[in-house]
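Everything below concerns the one structure shown next.
Only the coordinates and a few stated rules stand behind these numbers; no lab work does. Worth saying up front: this structure is predicted, and the values here are computed from it rather than measured. Every residue, glycine as well, gets a Cβ built from its backbone with ideal geometry; the counts of neighbours run over all protein chains shown.
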Amino acid sequence: MSAQAFAPGRGDSGRPWLTEARATILLSLPLILTNLAQTVITATDVVILGWAGADYLAAGALATNLYFALLIFGIGLVSAVSPMVARERGRNRHAVREVRRTVRQGLWASVALAVPFWIVLWHTEQVLLWFGQDANLARLAAENMRGLQWAILPFLWYLVLRSFIAALERPFWSLVVGVAGVVFNALIVWALVFGHFGLPALGLFGAGIGSTLSACLMFLGMALVCGLDRQFRRYHVFGRFWRPDWARFRALWRLGLPMAVAVGLEVTIFNAAVFLMGLIGPTAVAAHAIAIQVASLCFMVPLGFSQAVTVRVGIAYGSGDADAIRRAGWTPFFLGVGFMACTALMMLAIPEALIGVFLDRADAKNAEVIALAVSFLGIAALFQVFDGAQAIAGGMLRGMHDARVPMIYAALGFWGVGLSLSVVLGFWVGLGGIGIWIGLATGLAAVSVLLLARWLRRERLGLMRGGTAAIVSH
């Protein structure tokens with residue numbers, strides 16, 4: 001990687017890069033805060049169910065994990081709306097009909113996913129029993145799922161509209177709706193679990209219903225924004241909702257399906273790591289949970305930059321401007337990776353203070369977990385930089401509608417390298433949990449190197465040629 005690869009092109013002054021940095025930060029900041037808000041919603045549900053008892057907490061965790069295993073696939077698919085709308089805007093800044101058709105097919109795709117997902121989730125108890133879970137917990141988890149499963153469709157619709165306004169580079173309203181969702185979710189779940197505000201105490205079923213009502217509120221909030229805000233209203237995103245556009249529907253699936261698979265591969269490698277830690281012992285699981293929670297909170301920042309870079313590169317891609325694509329890609333990459341480098345230094349400098357947020361350091365019973373968590377955070381420092389790099393590099397390529405090869409890279413890096421090395425180092429070499437974390441960090445590094453190498457070769461590979469090509473519509 002030469003310095004020339006990162007430097008402005010001939011004739012560029014620093015001003016276009018400063019302009020790009022400003023646009024990136026203004027777009028990324030609300031997206032980062034919205035991601036944090038959605039993380040808080042999940043954490044709130046865990047806390048409330050924990051108040052209700054250990055069985056409720058365990059059953060809720062089982063139901064939520066199964067729910068998210070399907071939801072994450074849907075999130076990856078409907079996220080294709082953002083680069084598709086961004087490319088349309090790059091081709092024609094004032095495009096309305098093409099943008100509306102893309103959003104409409106995103107809403108259609110959500111329905112196509114929700115129906116089979118509902119059928120699977122309706123049989124939650126049987127699914128969990130197949131995986132060897134405790135019969136009583138499986139029954140309680142199914143009770144929670146009876147209320148929770150219906151949240152999939154309104155939440156995916158919310159994400160489609162969020163992708164739409166993010167692609168228009170006005171994500172502030174998604175933050176407002178997200179924060180409102182946090183507050184409403186906490187109140188309604190608490191009320192329906194324990195029976196407050198005159199509502200019945202519905203326990204686990206009430207927690208699921210509360211989450212579904214929160215998802216409906218967030219979708220309705222975004223729908224109102226799209227219908228009332230002057231800059232969004234002109235797109236009439238719900239106009240002629242019943243009208244098919246099969247060419248665009250297929251185009252969304254062609255782009256979104258590999259994105260969904262890639263996201264699924266990344267999430268499931270971390271799920272697999274939890275199971276591997278479980279084979280080592282409860283101390284390893286507890287230390288892993290603390291370290292991964294710290295890393296996950298930090299990851300919300302590069303995730304926001306990844307969402308922003310998809311939009312910024314997508315607009316430049318649609319206009320066919322090679323210099324703009326280069327600036328739109330590298331600017332958030334360095335901002336995001338720079339942030340993760342700072343968090344890595346923090347993990348190395350004050351690991352005990354970070355762990356103290358989750359455990360009482362004065363309690364001698366926690367000493368073993370704390371010591372192991374400190375070791376995990378040391379490896380997580382490297383993990384952070386690679387995680388940020390692969391997330392943002394993936395967003396850079398998605399902006400150019402390049403998703404199939406990155407999906408293969410995700411499979412090779414996360415599962416071929418990461419999981420294999422975790423098993424070898426953790427169990428065959430005998431490094432235990434530290435070996436598993438080294439494997440995870442190596443897998444992330446492999447994916448980031450592969451994605452960056454593809455970005456650097458984007459012109460040679462012909463990735464930039466499709467930006468101004470029109471999508472055939474009926």
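For this structure, a couple of remarks:
- The listed peptides 132-139, 406-413, 151-158, ordered by packing as a protection proxy, come out as 151-158, 406-413, 132-139 (highest mean of other Cβ atoms within 10 Å first).
- Here region 295-325 and region 98-158 have alpha carbon centers that stand 29 Å from each other.
- Per-residue extension of 0.36 nm, minus the Cα-Cα distance of Val47 and Phe68, leaves a gain of 5.8 nm for this segment.
- Computing FRET efficiency as 1/(1 + (r/R0)^6) for Arg22 and Ala201, where r is the C-beta to C-beta distance and R0 is 41 Å, gives about 0.20.
- In sequence order, calculated HN-Hα J values of region 35-50 (Karplus, 6.51, -1.76, 1.60; Hz; x Gly/Pro): 4, 5, 4, 5, 5, 5, 4, 5, 4, 4, 4, 4, 4, 5, 5, x
- Kirkwood Rh (inverse of mean 1/r, distinct Cα pairs), region 252-474, angstrom: 18.3 Å
- Each eigenvalue of the Cα gyration tensor of the chain, multiplied by 5 and square-rooted, gives one semi-axis; in descending order these are 35, 30, 20 Å.
- MRE, 222 nm, helices only [DSSP H, n ≥ 4, -39500 (n - 2.57), over the chain, to nearest 500]: -26500 deg cm²/dmol
- Region 151-219 - percent relative contact order, Cα under 8 Å, separation 6 or more: 44 percent
- In this label model, His94 and Trp130 are separated by 5.4 nm, measuring between points 7 Å along each Cα→Cβ vector.
- Scalar couplings 3J(HN,Hα) for region 450-462, obtained by applying the Karplus form with A = 6.51, B = -1.76, C = 1.60 to θ = phi - 60°, are 5, 5, 5, 4, 5, 4, 5, 9, 4, 6, 5, 7, x Hz; x denotes Gly and Pro.
- Long-range HN-HN contacts of Ser79 with modeled amide H, under 5 Å: none
- The ranking of His94, His236 from fewest to most other beta carbons within 10 Å of each one's beta carbon is His94, His236.
- Once both labels are positioned 7 Å from their Cα atoms along Cα-to-Cβ, the gap between Phe238 and Ser296 label points is 3.3 nm.
- Mean separation of Cα contacts under 8 Å (6+ apart) over length of the chain, as relative contact order %: 20 percent
- Computed over region 23-243, relative contact order equals 28 percent, with contacts defined as Cα pairs under 8 Å that lie 6+ residues apart.
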